[in-house]
Each structure stands twice: as C-alpha cells, then as structure tokens.
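Below is one structure, written out as structure tokens; the observations come after it.
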Amino acid sequence: MVPRSREAVGPRRIRAVNEPRRLDMKTDGAGVPVAFRPETPLPGPGRPGRIRAGWNGPAHWYRVEQVLDMWRIDEGWWRPRPIHRTYYRLFLRHGAVVDVYFDEVDGRWYEQRYD
Amino acid sequence: MGTIACVYIPAFPLQVELERRPTLRGTPVALVSEAERVLWASADAEKAGVQRDMPARQALALCRHLTVLAYDGAAYRTAWDDVLRALYAVSPVIESAAEGLAFLDVRGLPALTEGPAAMMQAIAAALPSRWQKLAHIGMAVNKFVAHVAARRAEPGSPRWVRPGDTSTFLAFQPLKWVPASAEIHRRLHLLGLNLMGQLARLPREAVEAQFGKAGGRIWSLCRGEDDEPLRPHRWEQPVTERIAFPEPAVTRDVLIIACERLAAAVWKRPERRERPVRQVRLRARLSGEAGWERTLTLKQGVTTPRRLAFCLRQVVEGQPFSGAVEELALDVLAFAEGTGLQGSLFRAHRDTKERLAEAVRELKARYGYSPIHRLVEVEPWSRVPERRLALVEYEP
C-alpha cells in the first residue's frame with residue numbers, strides 16, 4: 001500500500017504577538033516597583049515602548065521615578081490557567097515609560113506593552 | 001466453497017478508546033454523541049443497565065463509576081483505515097460495511113487454493129497485531145452468512161460454513177442478528193420467533209403478509225440466500241491542510257482566522273487542478289485527546305477560497321466545542337467538475353499579487369518557510385494584550 005502522498009508537509013502556525021517578557025523587580029514594602037532589570041536594555045525616553053535588544057548596551061537595573069498608573073485584570077478564572085495581573089505604568093529615571101505587571105498566578109514580574 | 005470472508009471486530013470504537021486508555025479496561029465505559037446520548041457501552045456498563053441511545057445523564061445515574069467519553073469519529077476512522085489497508089494485502093475487493101465490519105471477496109485468491117482454513121488464517125495474519133486477538137473471522141457463500149459465521153467464531157478460531165451446511169448452520173442462530181428494524185424484531189419476539197430456523201420454516205407469503213417487503217428479505221436471509229453484492233470500498237484521498245495552535249484556541253475568532261488560512265492553503269495545492277471544491281471535512285483536535293469533525297457538502301462547487309472560508313465560518317460559528325482546539329485540519333473530499341471562470345479586468349492589480357506570490361515562493365524555497373507574516377486582529381477588545389493580535393503566514 002502506498003502511503004498517502006497528499007498530506008500537508010508540516011503544520012502552519014499562528015504566532016502570538018506582544019507576549020510578556022520576564023524581568024527582575026525590586027519593590028518597596030507595599031509591593032510597588034522601585035527598580036527592575038529587564039533581560040534586554042530599554043529604549044530611550046519617550047512613549048511607552050517595547051524593550052528591544054541592542055539598544056543601550058547590556059541590561060542593567062533601572063530606577064523607577066514615578067508610578068504613572070496602576071490597574072488590574074482578572075480573566076478566565078474558570079480556565080485551568082486563569083489570569084490575575086496587576087499592571088503598572090512606570091516613568092523611569094532616564095525618561096522612558098514602560099508597562100510591567102505582577103502575575104499573581106506564578107508570582108513573577110513581566111514587561112508587556114499595554115496600549 | 002465459500003467466497004466471501006467477513007472480519008468483525010465488535011464494538012470497534014470502544015476498543016479504540018480502550019487501546020488509547022488501557023487503564024479503563026474492565027471498568028464501565030460509554031461513548032456518547034454530541035447530543036449526549038450513549039452510542040456504545042462496554043460490557044461492564046451494560047451489566048449496570050446502560051443501554052444504547054440512553055441519555056448520558058441517565059447512564060451516569062444508573063452506573064456511578066461510569067467513564068463517559070466523547071465519540072471521536074476521526075480517531076475510529078483512522079484506526080479502521082489501518083485495518084482495511086492491512087486487509088488489502090489479502091484481497092483487492094473489500095467492502096467496509098461499518099467501522100468494525102468488513103467483507104472480502106476471496107474468489108480466486110492463491111491462499112484459497114490451500115483451503116478455506118488457510119485463507120482465513122492469511123486474513124487473520126494480515127491484520128494489525130493489536131486487532132488479531134479481537135477480530136472474529138467467518139467465511140461463507142455470501143455476506144450475510146459470512147457475517148453470522150464471524151459472529152459465531154471466536155477470535156483466533158475462524159469459522160467456515162460449507163455451502164451445503166448453510167441452512168443447518170443458520171437454523172440455530174438468533175433471529176436478532178438479522179438486519180431489520182427494531183419494530184420488526186419486537187413483533188418477531190412477540191410471535192415467539194427467536195431462531196432463524198423457525199422463520200425459515202414458515203411460508204414466504206405468510207412472512208411477507210406480516211412484514212411486507214422487509215419480511216421477504218428476512219425470510220431469504222434466514223434461508224441463507226443473500227444476493228446483495230459486495231460494494232468495494234472507495235478510498236478517500238483527501239487534500240489536507242492543517243494548522244497547529246501554539247496555545248489551544250478557545251475563541252471562535254481564532255478558529256475563523258484559521259479557517260481562512262486553511263481555505264487559502266488548500267486553494268494553492270496543485271492537486272486541486274483549478275477545480276471547484278464540492279465537499280470538505282473540517283477536523284479539530286481538542287485538548288484531552290478528544291476530536292471533532294464535520295463534513296460539509298456544498299450545493300454548488302465553490303470557486304474561490306473566500307467563499308470556502310465563508311462556508312467554514314458558518315460551521316465554526318454554530319459549533320459548541322467541548323474543549324480548547326489544539327489543531328484544526330481541512331480535508332477536501334470531493335471536487336466538482338471544472339467550470340469556466342470569468343477573467344479579471346484589473347490586470348495590474350493581479351500582476352502585483354502574482355509578483356508578491358512569486359517573492360513569497362522564492363523565500364519559502366530559500367528558508368523552508370515563509371518569513372513574511374501578516375498581522376491580524378484576533379480579539380482586539382481583549383484586556384489581555386497578547387490575545388489581541390496574531391501573526392499568520394502571509395500568502396497573497
């Protein structure tokens with residue numbers, strides 16, 4: 001018997017965009033971000049931007065000047081992987097604005113643009 | 001000498017499930033349809049009172065430890081196709097009467113010259129090893145008698161009914177094995193007719209007077225007369241495209257986008273040869289090994305991928321999936337004969353698209369995949385940022 005020759009060669013994939021990226025965070029006693037270190041360096045001053053590789057040399061700790069906004073999303077509590085996040089829009093000492101969030105499910109911090 | 005062989009694997013879908021989940025062996029199991037009615041029940045479940053066509057809720061009330069599984073038609077068909085392929089090694093003419101029931105025309109086959117026993121042994125040996133212990137094999141002069149012989153046979157001990165012994169053999173077989181409606185069986189039971197021999201001894205006219213044309217057919221079968229020809233199995237050779245989701249899809253919007261991509265991908269397959277599509281099957285692999293599929297026959301051949309995507313969208317939108325979708329596949333089962341298509345007046349626009357398509361083809365040839373992607377909105381209203389947009393392979 002000749003195997004079927006009309007099967008597709010490989011699966012086509014749909015890729016997610018703007019996936020969250022891990023970062024190390026230092027917080028004050030109330031859990032508010034004070035400083036963080038992304039995996040790759042931050043963009044320069046301006047609008048909230050995605051952290052991009054090769055921008056400012058190796059990643060280092062960034063001081064938070066001011067918390068501009070804070071909000072929370074809770075979704076999919078009925079699913080196996082619910083979403084419980086607290087987002088912070090941070091104004092950094094060097095002038096950039098970034099969005100980060102604390103994932104209450106896995107207890108880690110992530111960077112993710114939130115327009 | 002018998003010329004029709006029958007391979008019978010009782011409760012085939014249930015056996016496939018037990019193969020996939022060996023821990024369920026010896027426990028009550030039921031396969032239920034989308035309408036949540038029992039389609040198959042294991043022997044343990046039947047002992048507890050679970051019957052076919054019973055609502056799943058009632059079955060669970062009767063049998064507290066019942067494992068209820070969704071009927072996964074795609075998986076059973078794949079497993080049955082494996083059996084049929086194996087049987088083709090023995091005979092080129094096979095009828096697939098149902099999943100778990102096949103008839104083989106063994107006339108003139110070399111193995112038959114060594115005798116019916118050798119023929120049936122050859123059939124048993126050809127089966128995939130996992131089915132050898134479960135398959136009942138029978139051989140007789142026609143399909144009906146071969147089927148009854150197979151039901152009487154034990155796995156590993158094929159049964160051959162000599163042409164001269166047919167009526168003797170059938171005389172003591174249960175009448176409930178004769179294919180007829182539930183109402184006819186009920187009335188036969190009320191008349192005290194439980195064996196084929198009892199019915200065969202009655203005058204044909206009397207049986208026909210009671211049951212009409214169906215009665216005549218039953219009477220003939222009980223006498224071992226079955227003139228129904230063997231209908232050779234027609235192999236489907238579908239043109240298949242599939243999409244695997246990085247994260248199981250839980251919203252219809254993702255599935256609709258995937259349907260569009262599948263329709264576009266199928267349209268580019270050379271096997272289509274510019275023919276309109278007449279019949280398609282949409283399959284989904286759901287999380288937890290479950291499956292779903294829907295066959296769609298189109299009244300008129302579809303001549304554009306957009307139209308095909310629209311038809312698929314109707315199917316997806318009206319479908320309550322029982323779980324997150326991990327993979328979606330589209331099989332084109334039938335094409336319509338070619339129809340003339342009006343050419344486009346806007347040649348320049350078409351040229352641009354063709355050039356773009358050529359560029360993507362070249363990139364694919366160089367890298368093995370298309371590095372060009374298109375950004376599509378999936379759930380633009382979502383509060384979760386990564387769910388709003390997605391990248392799909394760009395195909396102009």
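Once phi is turned into θ = phi - 60°, what whole-Hz ³J(HN,Hα) does the Karplus curve with 6.51, -1.76 and 1.60 give for every residue of the stretch A:22-30, x standing for Gly and Pro?
Values, residue by residue: 5, 8, 8, 10, 10, 10, 7, x, 8 Hz.
To check you understand DSSP bridge types, tell me what percent of the beta bridges within the stretch B:1-102 (both residues inside) are antiparallel, rounded to 5.
Taking every DSSP beta bridge within the stretch B:1-102, about 65 percent pair in antiparallel fashion.
What do the square roots of 5 times the Cα gyration tensor eigenvalues come to for the protein assembly as shown, in whole Å, largest first, as semi-axes of the equivalent ellipsoid?
Equivalent ellipsoid of the protein assembly as shown: 60, 29, 21 Å, largest first.
With +1 on each Lys and Arg Cβ and -1 on each Asp and Glu Cβ, how big is the dipole of the protein assembly as shown about its Cα centre, in debye rounded to the nearest 20?
600 debye
Amide H to amide H under 5 Å from residue B:67: which residues, 5+ apart in sequence or cross-chain, H placed 1.01 Å off N in plane?
B:29, B:30
Mind grabbing the base-10 log of I(q)/I(0) for the stretch B:145-269 at q = 0.13, 0.15, 0.16 Å⁻¹? Debye formula, identical points on the C-alpha positions, no solvent, two decimal places.
Result of the Debye calculation: -0.64, -0.72, -0.79.
Nearest 20 debye, what's the magnitude of the dipole of the stretch B:42-169 about its Cα centre given +1 on Lys and Arg Cβ and -1 on Asp and Glu Cβ?
Details: 14 positive and 12 negative charges, 51 e Å.
The calculation lands at about 240 debye.
Relative contact order (percent) for chain B, with alpha-carbon contacts under 8 angstrom and 6 or more residues of separation?
13 percent
What is the spin-label model distance, in nm, from residue B:384 to residue B:62 if the labels are put 7 Å beyond Cα along the C-beta direction?
Computed distance between label sites residue B:384 and residue B:62 equals 4.0 nm.
Could you give the size of the charge dipole of chain B about its Cα centre, using +1 on the Cβ of each K and R and -1 on the Cβ of each D and E, expressed in debye and rounded to the nearest 20?
360 debye
Given H placed 1.01 Å from N in the peptide plane, which residues other than close sequence neighbours of residue B:333 have an amide H under 5 Å from its amide H?
Residues meeting the amide H criterion: B:279, B:280, B:281.
Along the charge dipole of the stretch B:146-266, Cβ charges K/R +1 and D/E -1, which of B:258, B:206, B:149 sits furthest on the positive end?
The listed residue farthest towards the positive side: B:206.
For the stretch B:302-314, take each phi angle, set θ = phi - 60°, evaluate the Karplus expression 6.51 cos²θ - 1.76 cosθ + 1.60, and give the result in whole Hz per residue in order, putting x for glycine and proline.
Working through the residues one at a time gives 7, 10, 9, x, 5, 5, 5, 4, 5, 5, 5, 4, 4 Hz.
As a check on your grasp of the helix formula, calculate [θ] at 222 nm for chain B: sum -39500 (n - 2.57) over DSSP H runs of n ≥ 4, divide by the residue count, round to the nearest 500.
Helices in chain B give a 222 nm mean residue ellipticity of -11500 deg cm²/dmol.
May I ask you to list the GluC sites (Glu not before Pro) in the stretch B:175-228 that are in a DSSP loop and have at most 16 other Cβ atoms within 10 Å of their Cβ? It would help to have the intermediate numbers written out before the result.
Numbers: sites: B:183, B:205, B:208, B:225; in loops: B:225.
Within the stretch B:175-228, the qualifying GluC sites (Glu not before Pro) (loop, at most 16 other Cβ atoms within 10 Å) are B:225.
For the stretch B:49-133, what is Rg from Cα atoms divided by 2.2 N^0.38 Å, rounded to two decimals? Let's see the in-between values first.
Details: Rg = 18.1 Å, N = 85, 2.2 N^0.38 = 11.9 Å.
The stretch B:49-133 yields a ratio of 1.52.
Pairs B:133/B:176; B:213/B:299; B:299/B:353; B:47/B:176: which exceed 23 Å Cα-Cα?
B:133/B:176; B:213/B:299; B:299/B:353
Could you state the angle between the C-alpha long axis of helix B:116-126 and the longest principal axis of the C-alpha atoms of chain B, as a value from 0 to 90 degrees rounded to the nearest 10?
Rounded to the nearest ten degrees, it is 30.
Spelling out what I want: for every residue of the stretch B:161-178, take phi, set θ = phi - 60°, compute 6.51 cos²θ - 1.76 cosθ + 1.60 (Karplus), and round to whole Hz; glycine and proline get x.
10, 5, x, x, 9, 4, 5, 5, 5, 6, 3, 10, 8, x, 5, 5, 7, 6
Would you please calculate the Kirkwood hydrodynamic radius of chain B over all C-alpha pairs and express it in Å, rounded to one decimal?
Over chain B, the inverse of the mean reciprocal pair distance is 24.9 Å.
Do any GluC sites (Glu not before Pro) in the stretch B:258-294 lie in a loop, going by DSSP, with at most 13 other beta-carbon atoms within 10 Å of their beta carbon, and if so which? Working shown, then result.
Numbers: sites: B:260, B:271, B:274, B:289, B:293; in loops: B:274, B:289.
Passing both the DSSP loop test and the Cβ count: B:274.
Along the charge dipole of the protein assembly as shown, which of A:90, B:125, B:287 sits closest to the positive end, that is, farthest toward it, with unit charges on the beta carbon of Lys, Arg, Asp and Glu (+1, +1, -1, -1)?
A:90
Coordinate-derived values only; no laboratory data. From a predicted model like this one, the values you see are computed outputs, not experimental measurements. Every residue, glycine as well, gets a Cβ built from its backbone with ideal geometry; the counts of neighbours run over all protein chains shown.
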